[in-house]
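Asker: Here it is, the structure in full.
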Amino acid sequence: MDAAEALAGPSEPPARIHGDLWSGNVRWTGDRALLIDPAAHGGHRETDLAMLALFGTPLLDRILAAYDEAAPLADGWRARVPLHQLHPLLVHVALFGGSYRASLLDAARAAAAALG
């Protein structure tokens, strides 16, 4: 817990985030993506990006590059992805059972390893 602040990265003000941004809540129409079914709230902007990565969003590299161009992410954001995936994985373990357990443990280990 003493290293939690270092793990979380630089301080940022809360951003309005989608809150449930997995690939099923992204609808593609031609060259555009529409976001549906939000659980909008104030949170850390890396959280939505981590959710997109968690469940295999198509064109993720393109989405991340465009996001970083429009609103540059703090150094080390990729190492913080597992941290931001912990909460949705915990929810999935609670709702859907042990099939998400290995992913949860992997994310927890990766988040802890990011501390060095």
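Asker: Could you say whether any residue in segment 37-50 is surrounded by fewer than 17 Cβ atoms within 10 Å (Cβ to Cβ) and without any contact (Cβ under 8 Å) to a residue 12 or more places away in the chain?
Answerer: no
Asker: Now, a different point. Can you name every residue in segment 84-100 that is farther than 14 Å from Thr47 by Cα and either buried (at least 18 other Cβ atoms within 10 Å of the Cβ) or in contact with a helix residue (DSSP H, G or I) (Cβ under 6 Å, 6 or more places away or on another chain) (or both)?
Answerer: Of everything in segment 84-100, those that are farther than 14 Å from Thr47 by Cα and either buried (at least 18 other Cβ atoms within 10 Å of the Cβ) or in contact with a helix residue (DSSP H, G or I) (Cβ under 6 Å, 6 or more places away or on another chain) (or both) turn out to be His92, Val93, Tyr100.
Asker: Taking the condition in contact (Cβ under 8 Å) with a residue 40 or more places away in the chain, loosely packed, with under 15 Cβ neighbours inside 10 Å and of a type outside the set (S, T, N, Q), does Ala114 pass?
Answerer: Details: in contact (Cβ under 8 Å) with a residue 40 or more places away in the chain: yes; loosely packed, with under 15 Cβ neighbours inside 10 Å: no; of a type outside the set (S, T, N, Q): yes.
In short, no.
Asker: Same structure again: Looking only at segment 1-10, filter to residues that are closer than 29 Å to Ser99 by Cβ and surrounded by 14 or more Cβ atoms within 10 Å (Cβ to Cβ); which one of those is nearest to the chain's Cα centre (by Cα)?
Answerer: Ala8
Asker: Follow-up question, since we're still on this one. Regarding Leu34, is this residue without any contact (Cβ under 8 Å) to a residue 40 or more places away in the chain, surrounded by 11 or more Cβ atoms within 10 Å (Cβ to Cβ) and not acidic (Asp, Glu)? Talk me through it step by step, then tell me what you get.
Answerer: Numbers: without any contact (Cβ under 8 Å) to a residue 40 or more places away in the chain: yes; surrounded by 11 or more Cβ atoms within 10 Å (Cβ to Cβ): no; not acidic (Asp, Glu): yes.
It is false that Leu34 is without any contact (Cβ under 8 Å) to a residue 40 or more places away in the chain, surrounded by 11 or more Cβ atoms within 10 Å (Cβ to Cβ) and not acidic (Asp, Glu).
Asker: Any residue at all in segment 21-30 that is touching a residue at least 24 places away in the same chain (Cβ under 8 Å), surrounded by fewer than 16 Cβ atoms within 10 Å (Cβ to Cβ) and not small (Gly, Ala, Ser)?
Answerer: yes
Asker: Okay, moving on. Taking segment 53-90, which residues are under 14 Å from the mean Cα position of the chain (by Cα), under 15 Å from Leu21 (Cβ atoms), hydrophobic (A, V, I, L, M, F, W, C) and assigned to a helix (DSSP H, G or I)?
Answerer: Ala53, Leu54, Leu60, Ile63, Leu64, Val81, Leu89
Asker: Here is a further query. Those residues that are under 21 Å from Asp75 (Cα atoms) and either surrounded by 11 or more Cβ atoms within 10 Å (Cβ to Cβ) or touching a Pro at 6+ places or on another chain (Cβ under 6 Å) (or both), I need them from segment 11-20; list them, please. Show your work before the answer.
Answerer: Step one: filter segment 11-20 for residues under 21 Å from Asp75 (Cα atoms), giving 11-17.
Glu12, Ala15, Arg16, Ile17 - these are the residues of segment 11-20 that are under 21 Å from Asp75 (Cα atoms) and either surrounded by 11 or more Cβ atoms within 10 Å (Cβ to Cβ) or touching a Pro at 6+ places or on another chain (Cβ under 6 Å) (or both).
Asker: If a residue has to be at pLDDT 95 or above, farther than 20 Å from Trp77 by Cα and touching a Phe, Trp or Tyr at 6+ places or on another chain (Cβ under 9 Å) to count, how many in segment 25-64 make the cut?
Answerer: So the count comes out to 0.
The values are calculated or read from the model by the stated rules, or taken from the named source; none is laboratory data. The shown structure was predicted, so the numbers you read here are calculated from the model rather than taken from an experiment. Virtual Cβ from ideal backbone geometry, glycine too; neighbours counted across all protein chains shown.
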